[in-house]
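The values are calculated or read from the model by the stated rules, or taken from the named source; none is laboratory data. Model, not experiment: these values are computed from the prediction. Glycine also receives a Cβ, built like all others from the backbone with ideal geometry; neighbour counts cover every protein chain displayed. Heavy atoms of the whole protein, side chains included, go into the accessibility calculation; ligands, DNA and RNA do not. Shrake-Rupley method; radii C 1.70, N 1.55, O 1.52, S 1.80 Å.
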Amino acid sequence: MAEKIAVILAAGLGKRMNSRRHKVVHEVCGKPMIAHIVDEMKSVGFHRLIVVVGKLEEQVRAVLGDEVTYVRQTEQLGTGHAVMQAVPFLTEDSLTVVLYGDSPLIRREDVLRLMSEAEKGNATTVLTAEVEDPFAYGRVIRATDGSVERIVEEKDADDETRKIREVNSGIYAFQTKALLKVLPKMTANNAQGEYLLTDTVAHIRNDGGRVLPVVMADAGDIANVNDRIQLALVEKRMQSRILLRHMQNGVTIMDPEHTYVYSDVQIGQDTVLYPGTILEGHTVIGTDCVIGPNSRLVNANVADRVTVQSSVVLDSRIEEEVSVGPFAYIRPESRIGARAKIGDFVEIKKSLIGEDSKVSHLAYVGDSEVGQRVNIGCGVVTVNYDGFVKHKTIIGDDSFIGSNVNLVAPIQIGTGGYVATGSTVTDDVPENAFAIARERQTTKLGYVKNLKERLRMKSQNGSKKNGRE
Ligand code: UD1
Ligand code: CA
């Protein structure tokens, strides 16, 4: 089997993005464009993946690390010139697939078909698509036998050529020998003054090589990103592809138009996503969960049969049958034990909540370890910050923290401890102890009635003195 090499072009600046970031590191469904392409190509099984980089190459390296070979194009003199930089890595008897780093929708299946056609002895195969609006794409000129005669760029095309709707995807499979032979023949003699890779097609044909088109399974996958408008279109397309995959795997998505699931998210069978759900990063959701409406989970790890309503969960683990929300905020490094309840307007930060514990309403639990079967009342605050450092709160199993309690950390409540409502507790509470820390109530009988009477008399006397009666 001939060696298979992929060359991904990512040296162009992408000026139309109007960005300080390199075009190919802009994210589509939470993953840099170039990473989508590299991951997809890894599944094709190339012997070597080469990425051509130019300015801002450090941004591309930061995304891809050392899993690819980098070659540098110091001056951006065109796509043909970019491929020339990879020549030292191209072996004569191999197959070279060229892809553009700004086309993240490319699918493995299309590339495999492209390669298998090239392997049948054609010098080159070009992946093409018939699109509604061919503007800005290279037009594919077919010979009478159906093969490709040449590709003409928008700027070099006359009116007749511009009407052609079959366009170049920018993905090619070359018999490397044929490519190496024509690369030195390219000139920058065109409207853009660049070395255009598309010109290799005509050169290969003139050398007697056959260039075949392979039509994309879905023309929409041709979309490339040159500006932010196209970025939004590609995002939408990639998003529907991801949602479709989850639906096929048994996830119910009530309103796919208003649900966002990033590339690397996993969702278990029979989970239901309500509208307004956003699942980001490496979020993993178990089976039979109900997520949303209006919930954002980032790198959350959620077990089975969990409910999350109108809440935000960041970098945290949620065990089975937990109920979160509505309107809860679970911040990084938290772990919510099985069957626990985190109710409305509750914030949990860097805390462990034990199994079957309840924090049902209006509470802040930060830097805490809460045991099992604990009840944290409405309005409880773990006072974890003294203005200088954060302190820990430890609450033992089966304890009860009354409503509106302040637990001034560092503090420990022993197993079975009970803190009376309205207390501000500064000292540890031992096992099975009861702590109350508030002023005793004083009740003055009839006080209000007497007060009102006194005030009325006073105001009458005042009016008489002023002679207004
Ligand atoms: C290119 C094709 C066009 C095709 C379209 C499909 C050429 C001449 N034109 O046009 O036929 O229909 O893609 O999306 O190839 N790059 C470099 N070095 C350079 C110039 C570009 O690495 O000197 C890289 C860019 O980073 C980019 C890719 O090549 O990832 C394509 O370049 P771009 O300028 O976006 O080409 P298009 O005008 O879109
Ligand atoms: Ca482009």
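Numbers below:
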quantity	calculated
Within the stretch 61-76, tally of residues that are more than 22 Å from T176 (Cα to Cα) and open to solvent by less than 10 Å² (accessible area, probe 1.4 Å)	1
Any pair with Cβ under 8 angstrom, 6 or more apart, that starts in the stretch 384-405 at a residue that is over 13 Å from V359 (Cα atoms) and modelled with pLDDT of 95 or more and ends at one that is surrounded by fewer than 16 Cβ atoms within 10 Å (Cβ to Cβ) and among the aromatic types (F, W, Y)	H391/Y385
Answer from V306, V298, V284, V302 - the residue that is more than 20 Å from E235 (Cβ to Cβ), hydrophobic (A, V, I, L, M, F, W, C) and open to solvent by 20 Å² or more (accessible area, probe 1.4 Å)	V284
Residues satisfying the stated conditions in the stretch 341-364, i.e. within 14 Å of T393 (Cα to Cα), under 26 Å from the mean Cα position of the chain (by Cα) and buried (at least 20 other Cβ atoms within 10 Å of the Cβ)	I348, K349, S351
Failed item, numbered, when N432 is tested on (1) open to solvent by 20 Å² or more (accessible area, probe 1.4 Å); (2) farther than 18 Å from G354 by Cβ	(2)
Selected residue (criterion: nearest to the chain's Cα centre (by Cα)) from residues of the stretch 245-273 that are open to solvent by 70 Å² or more (accessible area, probe 1.4 Å) and closer than 18 Å to N301 by Cα	Y260
Exclusive hit being closer than 18 Å to Q73 by Cα, within 15 Å of ligand 2 (Cβ to nearest atom), open to solvent by 10 Å² or more (accessible area, probe 1.4 Å) and out of contact with any Lys or Arg (no Cβ under 9 Å at 6 or more places or on another chain), set L9, L13	L9
Residue that is nearest to ligand 1 (Cβ to nearest atom), among those in the stretch 24-35 that are open to solvent by 20 Å² or more (accessible area, probe 1.4 Å) and in contact (Cβ under 8 Å) with a residue 24 or more places away in the chain	P32
Odd one out for L231, checked against (1) buried (at least 19 other Cβ atoms within 10 Å of the Cβ); (2) within 16 Å of ligand 2 (Cβ to nearest atom); (3) closer than 26 Å to R113 by Cα	(3)
Evaluation of N168 against (1) in a strand (DSSP E or B); (2) buried (at least 17 other Cβ atoms within 10 Å of the Cβ); (3) more than 12 Å from ligand 1 (Cβ to nearest atom); (4) not hydrophobic (A, V, I, L, M, F, W, C) (one fails), failing number	(3)
Residue that is within 16 Å of ligand 2 (Cβ to nearest atom), touching a Leu at 6+ places or on another chain (Cβ under 8 Å) and either at positive phi or modelled with pLDDT of 95 or more (or both), where the choices are V251, V225	V225
Residue within the stretch 416-427 that is of a type in the set (F, W, Y) and under 30 Å from K390 (Cβ atoms) present	yes
Cβ-Cβ under 7 Å pairs, at least 6 apart or on other chains, the stretch 195-207 side closer than 14 Å to P184 by Cβ, far side within 13 Å of ligand 1 (Cβ to nearest atom) and assigned to a helix (DSSP H, G or I)	Y195/G80; Y195/H81; L197/T79; L197/G80; L197/V83; D199/G80; T200/G80
Whichever residue in the stretch 90-119 is among the polar types (S, T, N, Q) and open to solvent by less than 10 Å² (accessible area, probe 1.4 Å) and, among such residues, is farthest from ligand 2 (Cβ to nearest atom)	S94
Count of the stretch 171-201 residues which are hydroxyl-bearing (S, T, Y) and open to solvent by less than 50 Å² (accessible area, probe 1.4 Å)	4
Cross-chain or 6+ apart pairs with Cβ under 9 Å, the stretch 229-241 first and among the hydroxyl-bearing types (S, T, Y), then surrounded by 16 or more Cβ atoms within 10 Å (Cβ to Cβ)	S240/P256
Any hit, the stretch 41-60, residues being in contact (Cβ under 8 Å) with a residue 60 or more places away in the chain, crowded, with 16+ Cβ neighbours inside 10 Å and within 15 Å of ligand 1 (Cβ to nearest atom)	yes
